[in-house]
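Step one of this worksheet: look at the structure below.
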Amino acid sequence: MAAGVPVNPLEKFPGYTFQKALGTGAFGSVLLYRREISSAGPHEDVAVKVIARDECADFNLVSREVHSHRQLVHPHVIRFKRLGLTPDKRFLYMIMEYADRGDLLEYLRRRGRFREHEARWFFQQLVFGLDYCHQRGVVNRDLKPENLLLKRTPDARQELTQGDLEHPFNLHLKIADFGLSKEGVHSMPKSRVGTVTYMAPEVLRAGPSRRYDGHKADIWSAGIVLYVMLFARAPFDDPLATNDKARREATMQQILRGEWTAPPSIPVAPECLDLLRGILAADPTVRFSMPQIMAHPWFSVGLPPAALTMNTVLVRQQTAQPPPYEQSVEEVNSVLAEAQRKGPPAGACDGGVGIGDMTDSGFMTMIEEELEEEERHGNNPYMVDPYSHGAGPPPGFQMQAALPRAER
Ligand SMILES: Nc1ncnc2c1ncn2[C@@H]1O[C@H](COP(=O)(O)OP(=O)(O)OP(=O)(O)O)[C@@H](O)[C@H]1O
């Protein structure tokens with residue numbers, strides 16, 4: 001639980017019953033609640049992200065996350081439901097759809113690398129979710145297995161005693177975490193954000209005078225996710241580096257050189273390698289676009305033809321008639337405005353997890369404003385030391401072979 005976040009911040013809310021804490025991120029804690037839909041019976045489980053309203057909260061990021069996320073209504077995107085302030089006004093909360101099977105990284109750890117058709121199943125879902133976000137004008141910029149959540153399909157729930165419920169085909173993948181996303185006119189961001197392992201070369205090279213196309217950068221990250229699912233290791237990495245900083249530097253250099261290979265000990269179909277080569281092309285102008293990925297023979301196996309046009313139809317419908325949002329944009333803006341006004345502090349932020357600190361993967365999440373500030377001071381933001389914010393490397397931090405998640 002993030003520092004200062006009460007055990008049950010919604011305790012005064014009728015109809016909400018606290019279940020358990022789900023985890024802690026850079027900007028708050030996520031809690032599981034059961035919400036009554038009607039007093040007679042039906043209920044739904046929701047994930048509630050709680051963010052302290054003190055100096056730990058960066059309202060630009062929160063506002064960006066909420067506005068990007070709110071408008072995305074798709075089977076492969078976690079649904080945003082509502083934003084509010086706790087009755088004591090000390091915490092912002094964001095109510096979202098709950099994904100009950102954890103994240104893709106944990107799942108990979110539990111199950112080991114996926115077989116090709118299993119990796120394809122998740123990759124297809126990721127691509128459909130991402131393509132939808134792009135068509136709605138939102139680039140994610142932080143795609144990684146930790147931000148891809150899994151939820152049992154409704155059928156799987158009905159067959160509780162049947163077979164392997166943890167089988168990939170019983171799981172739906174949903175993109176979560178739009179904290180680093182950008183919308184519309186900003187879709188050519190000029191900054192580097194995201195987690196190094198999943199960052200495209202042009203993102204590492206970006207600067208105030210060097211913009212990059214966030215769509216192509218997201219496609220690169222999706223390609224890294226596919227590689228990780230197939231081979232249970234990252235394509236760019238130096239596991240033998242003596243320390244985390246050296247490892248990060250080596251990873252960045254490898255990404256910039258754009259050199260990667262598939263482990264010969266794990267054979268995959270030539271079409272699969274062809275797709276990976278198209279996506280992990282260092283030059284974003286020749287990198288596969290969404291339509292190229294969707295038309296690729298490895299990708300389209302098992303898909304009904306209608307699947308390929310589903311997003312275009314959905315986006316057209318949602319543009320003509322906005323989907324039923326739980327909360328109007330005016331209500332969201334008024335919560336954000338109230339949250340930004342001076343109010344009672346929510347308590348000390350001893351989590352040390354401010355901008356620029358270590359992420360799950362032990363790499364730094366680089367936030368644009370900070371990087372631009374670095375450049376204004378003549379520093380190379382590429383060289384920003386993730387430990388310079390006083391956090392230091394997490395105690396006992398050690399990357400596992402390929403799929404690291406540091407203890408918080
Ligand atoms: N909708 C959700 N359903 C189920 N679990 C969730 C949901 N949203 C977040 N979680 C879990 O809660 C934890 C914290 O999530 P959060 O989005 O705050 O941070 P993060 O993605 O881990 O980190 P960061 O925000 O620093 O990238 C994660 O372990 C995540 O898997």
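How long is the gain from Ala282 to Glu106 if the chain were fully straight, where each residue apart is worth 0.36 nm and the alpha carbon distance is subtracted?
On the way: separation 176, 0.36 × 176 = 63.36 nm, distance 2.83 nm.
This chain segment gains 60.5 nm when fully extended.
Which order do peptides 15-21, 303-309 fall in by mean Cβ count within 10 Å, highest first? Kindly include the intermediate steps, with their values, before the conclusion.
Values: 15-21: 14.3, 303-309: 10.9.
In decreasing order of mean packing, 15-21, 303-309 become 15-21, 303-309.
Could you sort the peptides 62-74, 287-299, 123-135, 326-338 by per-residue average Cβ neighbour count (10 Å cutoff), highest mean leading?
Values: 62-74: 20.6, 287-299: 17.6, 123-135: 23.0, 326-338: 13.7.
Packing proxy ranking, top to bottom: 123-135, 62-74, 287-299, 326-338.
Work out how much length Asn243 to Gln292 would gain on full extension: take 0.36 nm times their residue separation and subtract the Cα-Cα distance, in nm to one decimal.
Details: separation 49, 0.36 × 49 = 17.64 nm, distance 3.89 nm.
Working it through step by step, the gained length comes to 13.8 nm.
State the extension gain, in nm to one decimal, for the chain segment bounded by Ala337 and Arg257, taking 0.36 nm per residue of separation less the distance between their alpha-carbons.
Values: separation 80, 0.36 × 80 = 28.80 nm, distance 4.48 nm.
Full-extension gain reported as 24.3 nm.
Quick one: compute the contact order of the stretch 194-329, relative version, from alpha carbon pairs under 8 angstrom and 6+ residues apart, as a percent.
Values: 107 pairs, mean separation 30.9, N = 136.
Relative contact order, the stretch 194-329: 23 percent.
Bear in mind these aren't lab numbers, they're just calculated from the coordinates by the rules spelled out. This is a predicted model, so every value here is computed, not measured. Ideal geometry is used to build each Cβ from the backbone, glycine not excepted, and the neighbour counts take in all protein chains shown.
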